[in-house]
Amino acid sequence: MSDFAPAAEVASARDAIDRLKANMRLTIKGKDDVIEQTLVCLLAGGHLLLEDLPGVGKTTLAYSLARSMDCAFSRVQFTSDLLPTDVTGVSIYDETVKEFVFKPGPVFANIVLADEINRATPKTQSALLEVMDRAKVTVDGAAHPVGAPFMVVATQNPVDYEGTFPLPESQMDRFLMRLQMGYPQPGDELDILKSPRIGYDAITLNAVVTRADVLKMQTLVGRVFVEDSVLDYILKIVTATRTEADFKAGVSVRGGLALRTGAQARALVRGRDFVVPEDVQAMAGPVLAHRLTLARQTSDALEERRTVLAALRRIVAAVPVPE
C-alpha cells in the first residue's frame with residue numbers, strides 16, 4: 001500500500017488545486033472546465049496546445065497559471081524568421097574567460113508560452129522536441145536542464161493557413177493535451193467588457209502555491225491507483241482507434257500512456273486517490289484527438305477537428321465500461 005497516494009497528501013493536494021482554481025478565476029472568466037484541464041495537464045507533467053481563434057484568452061491563461069504558482073514565465077512570439085537558437089539559447093565566446101559560454105534562451109522558464117507556434121519554420125519547431133521530451137537543451141554536446149516544473153503552452157489559430165507551417169505528427173505527439181478556450185458566455189463576457197482593459201503582463205496575481213508544491217503534486221499523480229479493469233478499458237479505447245476506418249492511423253503507445261497519466265491527474269484534481277472510468281472518458285478527447293488524423297484529407301481544420309472528435313466519442317461510447 002506504500003506505493004499508493006496517501007489520503008493526507010491527496011487532501012493537501014486538493015486544497016492547493018482549489019487555491020489555484022480560485023486564483024486563476026480572477027482573470028479567466030467562466031472557463032472553469034478549461035482551468036481544470038490546464039491544471040490536469042500541469043500535474044501530469046505534460047505540455048498543452050491551445051488551438052483557438054485569436055483574442056479568447058489563451059495568453060492570459062498561460063500567464064495566470066505561471067503567476068499563480070510563483071513560477072518563471074516567458075513568452076516567445078513564433079515567426080517565420082525565428083531561429084532555433086532564439087528559442088533554446090546559444091554559445092557565445094566570452095573574451096574575459098577565453099571560452100564559449102552558454103547564454104540560455106527564453107525556453108529556460110517554468111511556463112513557456114510558444115505563441116502562434118505554427119508560424120515558425122519546421123526547423124525552429126523541431127528545436128522544441130528535445131526540451132519538451134527531456135526537459136533539457138543540448139548545445140555543443142553539453143546538456144542544459146531547463147528546471148522543474150517545466151511546461152510548454154503553445155497556441156495556434158486553426159483557421160489561418162497563410163504563412164503557417166502545420167505541426168508534424170512527432171511535434172503534436174509531444175503535447176499531452178489539446179484544448180479550445182471557446183467564447184465566454186454572455187454574462188461572463190459582460191463582466192470582461194466592464195473591466196478595465198490591460199495587457200496580460202500587467203495582470204497582478206499573488207502566488208498561491210510554490211514550485212515545490214507543484215513538484216510534489218506531480219510526483220503524487222504517479223501514485224494514484226489505476227485498477228486493472230480500468231487499464232484494460234484504456235487499452236480497448238486505444239486499440240479501437242487503430243481499426244477505425246475514419247483514421248489514417250491509430251493512437252500510439254505513447255498516446256495510451258498519456259491517457260493513463262491524464263486520467264490519474266484528473267482523479268487527483270478531483271480529490272481522489274484512484275481512477276474511475278469517468279476520468280478516462282473525460283480525458284479521451286483532450287489527450288487523444290490531436291494524435292489522430294483523418295484518412296481522407298480536408299482543407300478545413302475546424303471540420304477535421306469536429307470529425308475526429310465525433311469518431312472518438314463514438315469509439316468511447318462503444319467500448320464497454322468496467323463496473
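Quick note: the coordinates plus some simple rules give every number you see, no bench work behind them. Since we're looking at a predicted model, the values are computed, not measured. Neighbour counts run over all protein chains shown; Cβ positions are idealised from the backbone, glycine included.
Sort the following peptides by mean Cβ neighbour count (other Cβ atoms within 10 Å, averaged over residues), highest first: 133-146, 27-40. The partial results should precede the final answer.
On the way: 133-146: 13.6, 27-40: 20.1.
Listed from highest to lowest mean packing, they are 27-40, 133-146.
Please give the residues of the range 17-57, grouped as numeric ranges, whose backbone N is less than 16 Å from a label point set 7 Å along the Cα-to-Cβ vector of Glu9.
Once the point is set 7 Å along Cα→Cβ of Glu9, 17, 43-45 turn out to lie under 16 Å by backbone N, inside the range 17-57.
Relative to the present Cα-Cα distance, how much length would full extension add between Asp81 and Asp32 at 0.36 nm per residue of separation?
Details: separation 49, 0.36 × 49 = 17.64 nm, distance 3.64 nm.
Contour length minus the Cα-Cα distance gives 14.0 nm.
Treat every Asp and Glu Cβ in the range 174-323 as -1 and every Lys and Arg Cβ as +1, leave all other atoms uncharged, and give the resulting dipole magnitude about the Cα centre to the nearest 20 debye. Intermediate results must be reported in sequence, preceding the final value.
Values: 21 positive and 17 negative charges, 88 e Å.
Computed about the Cα centre, the dipole is about 420 debye.
In terms of Cα to Cα distance under 28 Å, which lysines are near enough to Lys236, apart from those fewer than 8 places away along the same chain?
Lys248
Using the 2.2 N^0.38 Å rule of thumb for compact globular proteins, work out how the range 1-100 stacks up: its C-alpha Rg over that value, please. Walk me through the numbers on the way to the answer.
Working: Rg = 19.0 Å, N = 100, 2.2 N^0.38 = 12.7 Å.
The range 1-100 yields a ratio of 1.50.
What's the whole-number percent of alpha carbon pairs in the range 19-215 lying beyond 24 angstrom?
Numbers: 7949 of 19306 pairs.
Considering the range 19-215, 41 percent of its Cα-Cα pairs are separated by more than 24 Å.
From the P(r) of the range 238-297, could you give the percentage of C-alpha pairs in the tail past 16 Å?
Working: 791 of 1770 pairs.
Within the range 238-297, distances greater than 16 Å cover 45 percent of Cα pairs.
State, in angstrom, two size descriptors of the range 224-323 derived from its alpha carbons: Rg to one decimal place and Dmax to the nearest whole number.
13.6, 43
Looking at the chain, what % of its DSSP beta bridges pair antiparallel, to the nearest 5? Walk me through the intermediate numbers first.
Numbers: 11 of 28 bridges.
Bridges in the chain that DSSP calls antiparallel: roughly 40 percent.
What ³J(HN,Hα) values, in whole Hz, does the Karplus curve 6.51 cos²θ - 1.76 cosθ + 1.60 give for the range 247-257 when θ = phi - 60°, with x put for Gly and Pro?
With the stated coefficients, the range 247-257 comes to 9, 5, 8, x, 6, 6, 4, 4, x, x, 5 Hz.
Roughly how many Å is it from the Cα centre of the range 124-189 to that of the range 229-276, as a whole number?
Result: 21 Å between the Cα centres.
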